[in-house]
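The values are calculated or read from the model by the stated rules, or taken from the named source; none is laboratory data. This one's a predicted model, so the numbers in the text were calculated from it and none came from an experiment. Heads up: the accessible areas ignore ligands, DNA and RNA and are worked out on the full protein's heavy atoms, side chains in. Shrake-Rupley method; radii C 1.70, N 1.55, O 1.52, S 1.80 Å.
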Amino acid sequence: RTLLIPSQGKILVGQPVSIIQHPDGRQKQWAVRENKLLLDPKDEDLFISYTTDTLAGSSGSPAFNYDWELIAVHHSGVPREENGKIVTRTGAEWKPGMPESDIDWVANEGVRVSKIYKFLSDTKLPNANQQAVLDKLVSNSKDPVFAPESTSPAAAVDRSGGTFSLGDRNE
């Protein structure tokens with residue numbers, strides 16, 4: 001089974017980005033549907049931006065497209081900025097020392113899987129055993145559209161949707 005699909009274009013602007021997270025090491029929480037990709041990333045962009053609701057401690061969580069293909073690894077929240085300064089929910093300038101909960105978070109961002117794949121495929125490790133494991137991961141990561149047909153049918157995906165609120169603060 002493919003872990004990383006190296007090709008770009010697995011999601012379009014407006015499509016949902018679902019995240020499975022364990023904020024601050026707590027119970028698993030899902031952020032699914034009613035969340036969307038905000039901007040169409042350029043080929044060179046390392047991150048994608050989305051409105052999916054996350055909580056502090058969710059960095060490293062997987063972000064999936066509508067078909068549950070891994071598209072990104074959640075990285076952080078994106079604060080609203082005006083004139084290069086972070087803005088609070090009340091419109092005032094946020095300053096270090098103020099609670100992060102005062103920040104007007106406008107989006108979240110994740111590191112694109114296509115960029116992770118590129119980095120891993122270009123990485124050369126000094127340890128031969130570690131390099132063999134990395135090479136196997138990279139060689140097993142193929143775009144299923146261009147890969148030979150699988151012998152087993154794809155797993156059924158529940159497309160009924162639904163929203164599970166995870167709070168009002170982005171990470």
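What list of ³J(HN,Hα) couplings, whole Hz, do you get for region 72-83 from phi and the Karplus terms 6.51, -1.76, 1.60, once you set θ to phi - 60° and write x for glycine and proline?
Running phi through 6.51 cos²θ - 1.76 cosθ + 1.60 with θ = phi - 60° gives 7, 10, 4, 10, 5, x, 10, x, 5, 10, 9, 6 Hz.
Taking the Cα atoms of region 7-59 alone, what are Rg (to one decimal) and Dmax (as a whole number) in Å?
Rg then Dmax for region 7-59, in Å: 12.3, 35.
Go through TYR66, TYR117, TYR50 and list them by solvent-accessible area, largest first, probe radius 1.4 Å.
In descending accessible area the options line up as TYR66, TYR117, TYR50.
Using protein chains only and a probe of 1.4 angstrom, how many square angstrom of ARG89 are accessible, to the nearest 10?
Looks like 120 Å² after rounding.
Divide the volume of the convex hull of the Cα atoms of region 1-130 by its number of residues and quote the answer in cubic angstrom per residue.
Working: hull volume 22.3 nm³, N = 130.
In region 1-130, the Cα convex hull volume per residue is 171 Å³.
Put ASP45, ASP24 in order of accessible area, largest first, 1.4 Å probe: what do you get?
Working: ASP45 50, ASP24 100 Å².
Reading off the accessible areas and sorting them downward yields ASP24, ASP45.
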